[in-house]
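**Student:** First the structure, then my questions, so here it is.
Nothing in this text is a laboratory measurement; each read-out follows from the coordinates by a stated rule. It should be emphasised that the depicted structure is a prediction, and the values quoted were computed from it without experimental measurement. Quick reminder, even Gly has a Cβ in these numbers, built from the backbone with ideal geometry, and neighbours come from all protein chains shown.
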């Protein structure tokens, strides 16, 4: 045994490898013979059944894809989905043609014939559904979307004509017919969107209401023109009703085709394809059992051979491992003590019998043992020195220095410790001053020391924190200013105020909140005396930028403004900056103000503002008025954005107050009649 132990480790391994190689050659020969037989069986499986399995699985996937895009098109009517269906359906047919060439077993040939028939029926019924959907879409676009608006427009004209003629009864029944028509259109849309028959019943009920209203109109109307309008509107409503009834029948036929054909044939095709796949799997199982029997024979032969090889290998391995593991166990024990820092006990173990046995050996294990103890002693010295430096740092003594003798590459450790001590002292001082600056709220504190390596991340983090603190402070202040202004203006506009009071509150708040010095509020006037139809046409002209000469932008409220001689207090649309801003519906900012344009006055003097801002406010895309603000200081982008955000709210508030006033006037006129 001593002779074996004194052999070099490489020699031991080569001897063991040669013996194991001979055993593996024997096992490989037996395995190769059996694998050749298994290969013949597996090849037969791949050639005859794999293609059938692949084709069956592809059929299941293709019918699912075709049904998916068919259902998706039926729900959304997206042409892309129809194209995808046609593409998948064509691919399915190509797959069936390929399967017709590849599949030969009678059972699966019958299944394939059934699948082809089902696919053909599915395609025919889907084509029928798409034709009904196209017909429905055409009816919707060419009839319903034409006759409905036409009848509504004619009824609107009839209402306005009757109202102008003071025929309240005819105007009432025309409005009743118009309301019934609108509800008919809504019910039709609901039915086409949801398919619920309750909307058809409601549609018929609204149609009867419309017919009753038309009957009353026929009895009441005396004027030939209005009677002709009523007859045209009734004819359009009848055409709308007739088209919807035909569309409803097509919709029912479409749903029946989907439920009784597509939703039956599709699952049936998929079921047949799945049964074909199951048939292939059954054939696979049968062939697999034959293969397993052959594998069992191979396994028995290999098992016997491996048992013999294992016994020989175990014996050889035990002999080699004993010569290596015993000394390694001793070294590992000493290494474990080193890993827990027990360097003293490692040195004391040198006199033990186990250590003597290792160092007495002439192989590599003896060399390892002797080198290990020399290394352990040196490590003990270096570790103790590193410990004393680390303890000094832990106690806050940055002037501690290494004292042991460092040799070779360990000199780098000494230099690294000395550099780390120096750099750490500088970095700690700089971090302290940065942290104190941030704690005191200073936003421009910067690092002074030189940071290297990972310490650069600390520097970047501190500087980033300072920058983000400044940005966050400024951003929060801006958001608070915007939100506060919006809230306060809403408070100023709340309640039922007349237009003059509302305008005064608005211009006073905006001027003072923006720290401006003068503000003027112009309201679009000249349209209250018009009847509703004329006002509607005039509002359309306002949206296009052109109004009649009777419409003026009149000054109705101001803040710190003094009327100057020669300056008007009302403007036409397109006249001056005020009229031009209303015409273009755009904000105008003047930075070079003429000396005779406007003055800011106080008790001790007057001066020309440096900036003039003219901004229109709208309601329902129509100009309602213009606000003009003058200021000594520059009007910032933030202030401009603030005003633009407020203009819609101002437009709504002014329009509401103006509408309230017009309604009161209209009620007064009605009572007087």
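**Student:** What's the FRET efficiency of residue 291 with residue 332 using the Cβ-Cβ distance as r and R₀ = 51 Å, to the nearest 0.05?
**Tutor:** My answer for the efficiency is 0.60.
**Student:** Separation of the stretch 449-508 and the stretch 49-76 by C-alpha centroid, Å?
**Tutor:** Going from one Cα centre to the other spans 58 Å.
**Student:** Okay, moving on. Could you list 215, 380 in order of exposure, starting from the residue whose Cβ has the fewest other Cβ atoms within 10 Å?
**Tutor:** Going from sparsest to densest Cβ surroundings: 215, 380.
**Student:** In which sequence would 463, 152, 259 go, from the one with the fewest C-beta neighbours within 10 Å to the one with the most?
**Tutor:** 259, 463, 152
**Student:** Which of 397, 67 comes first, and how do the rest follow, when ranked by fewest Cβ neighbours within 10 Å?
**Tutor:** 397, 67
**Student:** Please report the relative contact order for the stretch 132-276, taking Cα pairs under 8 Å with a sequence separation of at least 6, and give it as a percent rounded to a whole number.
**Tutor:** Across the stretch 132-276, relative contact order equals 33 percent.
**Student:** What FRET efficiency comes out for residue 416 versus residue 460 if R0 is 25 angstrom and r is the Cβ-Cβ distance? Round to the nearest 0.05.
**Tutor:** Efficiency, from the Cβ-Cβ distance: 0.60.
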